[in-house]
Amino acid sequence: MITGFRLNLAPLKEPLGFIKFIEWLTAIFAFGSCGGYSGRTIVSLFCSEGRNETLNATFSYPFRLNLVALVESNTTLCNHSVPVTHLVGDSASSAQFFVGVAIICFLYSIVALLVYLGYMHVYKDSDFGPMFDFGLTAAIAFLWLVCSSAWAKGLQNVKDATGTADITSTLALCKERDVSCEVTDFANMRTLNVSVVFGYLNLIVWAGNAWIVYKETRCHSQKYTARQRAGAGRGQQVPAAI
């Protein structure tokens, strides 16, 4: 068996290689839209004297909101003494899990494409390559289901924590009768919504890829051959005895 590198671009024209290239792209969009995020929420305080105060809360990946200061130091706002106040919530675990899965998929897609384009003769020589590829692809599809669902919930927590209702309950000043608080400029979370969409899109793509890879395994080929033989046996006429 010759195990040297043989460049062959033909697999890119087939579902096995083409879908791996699609997975490489969707993984980039998934971790890029989540891991590179930074946003700012502006809170307006309406004081009884007709005077307004403004607070800014800037947060970013990995969304440890409990470390984001809404009021950075003891200060006076609307004639009230306000202590240091942070946002509430921590979505770091779900966000990092999501980005981690995306990075793993990005790297595995590169390795798989390298094998498909240069070592396909080794890949198909034994059943280990296709079976390993199938098992890992199916596991990654399941990971996309889990991490996308976890991140969707984590993103909702981020939206709630930076909304008017949660900030009003977090900032003690907002509970005073002569002060009202409102988020007047919400952080744009469009890219985070896109990241969730790409998470579930990756789930669909990797689940479909699992079936394509399974068709390369010996288990599928043996079942297909057995069905063909069974069909041929049922359609074959028994010759008459002489």
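The values are calculated or read from the model by the stated rules, or taken from the named source; none is laboratory data. In this text the structure is predicted, and so the values were computed from the model without any measurement. Every residue, glycine as well, gets a Cβ built from its backbone with ideal geometry; the counts of neighbours run over all protein chains shown. With ligands, DNA and RNA removed, areas are computed over all heavy atoms of the protein, side chains included. Shrake-Rupley method; radii C 1.70, N 1.55, O 1.52, S 1.80 Å.
Can you tell me which residues in the stretch 140-187 are under 20 Å from Leu70 (Cα atoms) and free of Cβ contacts under 8 Å to residues at least 12 places away in the same chain? Within the stretch 140-187, Gln156, Ala165, Ser169, Lys175 meet the criteria.
Among the conditions (1) hydrophobic (A, V, I, L, M, F, W, C); (2) more than 19 Å from Gly89 (Cα to Cα); (3) surrounded by fewer than 22 Cβ atoms within 10 Å (Cβ to Cβ), Ala187 misses just one, which is (2). Take Ala27 and tell me if it is in a strand (DSSP E or B), of a type in the set (A, V, I, L, M), modelled with pLDDT of 85 or more and open to solvent by less than 80 Å² (accessible area, probe 1.4 Å). Against the criterion (in a strand (DSSP E or B), of a type in the set (A, V, I, L, M), modelled with pLDDT of 85 or more and open to solvent by less than 80 Å² (accessible area, probe 1.4 Å)), Ala27 does not qualify. Tell me, yes or no, whether the stretch 154-167 has at least one residue that is in a helix (DSSP H, G or I), among the hydrophobic types (A, V, I, L, M, F, W, C), modelled with pLDDT of 90 or more and more than 30 Å from Asn79 (Cβ to Cβ). Yes: the stretch 154-167 contains one or more residues that are in a helix (DSSP H, G or I), among the hydrophobic types (A, V, I, L, M, F, W, C), modelled with pLDDT of 90 or more and more than 30 Å from Asn79 (Cβ to Cβ). Restricted to the stretch 55-81, and to residues that are in a loop (DSSP other than H, G, I, E, B) and at pLDDT below 90, which residue is surrounded by the fewest Cβ atoms within 10 Å (Cβ to Cβ)? Checked the stretch 55-81; the qualifying residue surrounded by the fewest Cβ atoms within 10 Å (Cβ to Cβ) is Ser73.
Look through Ser94, Ser126, Ser109 and report the one residue that is touching an Asp or Glu at 6+ places or on another chain (Cβ under 6 Å) and of a type outside the set (Phe, Trp, Tyr).
On the way: Ser94 fails: touching an Asp or Glu at 6+ places or on another chain (Cβ under 6 Å); Ser126 fails: touching an Asp or Glu at 6+ places or on another chain (Cβ under 6 Å).
None of the others qualify; the one that does is Ser109.
In this structure, does Arg6 turn out to be under 30 Å from Ser126 (Cα atoms), in contact (Cβ under 8 Å) with a residue 40 or more places away in the chain and open to solvent by 80 Å² or more (accessible area, probe 1.4 Å)? Yes, satisfied.
Considering the stretch 95-112, the residues that are open to solvent by 70 Å² or more (accessible area, probe 1.4 Å) and free of Cβ contacts under 8 Å to residues at least 60 places away in the same chain include one that is farthest from the chain's Cα centre (by Cα), namely Val111. Residue count for the stretch 168-210 under the criterion of being closer than 26 Å to Phe59 by Cα and in a helix (DSSP H, G or I): the result is 18.
Considering only residues in the stretch 115-159 that are of a type in the set (Ser, Thr, Tyr) and more than 20 Å from Gly100 (Cα to Cα), the one that is surrounded by the most Cβ atoms within 10 Å (Cβ to Cβ) turns out to be Tyr116.
The residue that is farthest from Ser169 (Cα to Cα), counting only those in the stretch 85-94 that are open to solvent by 70 Å² or more (accessible area, probe 1.4 Å) and in a loop (DSSP other than H, G, I, E, B), is Asp90.
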